[in-house]
Amino acid sequence: MSLETSLPSWDRPAPFTLAVEVQPPHIDLMRHTNNVVYLQWMEDVAWAHSAHLGLGPAEYEALGHGMVVREHALTYVQATRLGERLLLGTWLTAIDRLNLHRHYQFIRLEDGATVFRGHTHFVCVDIAEGRVRRMPQAFLNVYGAAVAPGGVPVP
């Protein structure tokens, strides 16, 4: 990237980011990153962000609740190839007592191009019963405070 474009152009301000490099196991027959890898990267950056906020797997277990995927939306903008370095960005964009929405944008560092956008709709479940339940107050407090500007916080 040139000096003028040295900062990625994010869709929203202040994403949580995770750096990755496209590795040989990520490449498919078409010689680009397989579509399933992007889904894994969505999960990786979402968990890293959640843990950074203080709600990792141990906290989910202790609270007896967790967020599970209801729906994913994935948009592949440009192909990525072996050795390319990417910055995975994510934001929490809406929350209520049952639902959490997270958006993603992946940027190729070499040219600053957005290569992927996605969205996940999560619902809260009771881990032991596997049933949809209201979020514990800890989830509402932590995730609600992290909703990106312009997003929808807890009512």
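Of all the options Ile27, Ile95, Ile107, the one that moves most in a Gaussian network model of the chain with Cα springs shorter than 10 angstrom is Ile27. Database remark: amide H of Arg133 closer than 5 angstrom to the amide H of Cys124, Val125, Asp126 (H placed geometrically; neighbours at sequence offset of 5 or more, or on other chains; Pro and chain starts carry no H).
Couplings 3J(HN,Hα) for the range 63-74, derived from phi with the Karplus relation 6.51 cos²θ - 1.76 cosθ + 1.60 (θ = phi - 60°), are 7, x, 9, x, 9, 10, 6, 9, 7, 10, 10, 10 Hz, where x marks Gly and Pro.
How do Ser9, Ser50 rank when sorted from fewest to most other Cβ atoms within 10 Å of their own Cβ?
Fewest to most other Cβ atoms nearby, the residues stand as Ser9, Ser50.
Using Cβ point charges alone (K and R +1, D and E -1), the dipole size of the chain about the Cα centre works out to roughly 300 debye.
Projecting the Cα atoms of Ala14, Ala146, Ala113 onto the dipole axis of the range 3-152, where Lys and Arg carry +1 and Asp and Glu carry -1 at the beta carbon, places Ala146 farthest toward the positive end. Each Lys or Arg adds one and each Asp or Glu subtracts one; over the other residues with Cβ under 15 Å from the Cβ of Gly89, this totals +2. When the alpha carbon coordinates of the range 3-152 are projected onto the principal axes, the ranges are 43, 35, 23 Å, largest first. Each Lys or Arg adds one and each Asp or Glu subtracts one; over the other residues with Cβ under 9 Å from the Cβ of Leu98, this totals +2.
Which whole-Hz couplings ³J(HN,Hα) result when phi for each residue of the range 114-119 is put into the Karplus expression 6.51 cos²θ - 1.76 cosθ + 1.60, θ = phi - 60°, listed in order with x for Gly and Pro? In residue order, the calculated couplings are 6, 10, 7, 9, x, 8 Hz. Each of Thr33, Thr17, Thr120, Thr75 was scored by other Cβ atoms within 10 Å of its Cβ. Arranged with the fewest first, they read Thr75, Thr17, Thr120, Thr33.
Read the figures in this text as sums done on the coordinates, not as results from a lab. Keep in mind it's a predicted model, so treat the numbers as computed, not measured. Here the Cβ is made from the backbone with ideal geometry for all residues, glycine too, and neighbour counts use every protein chain on show.
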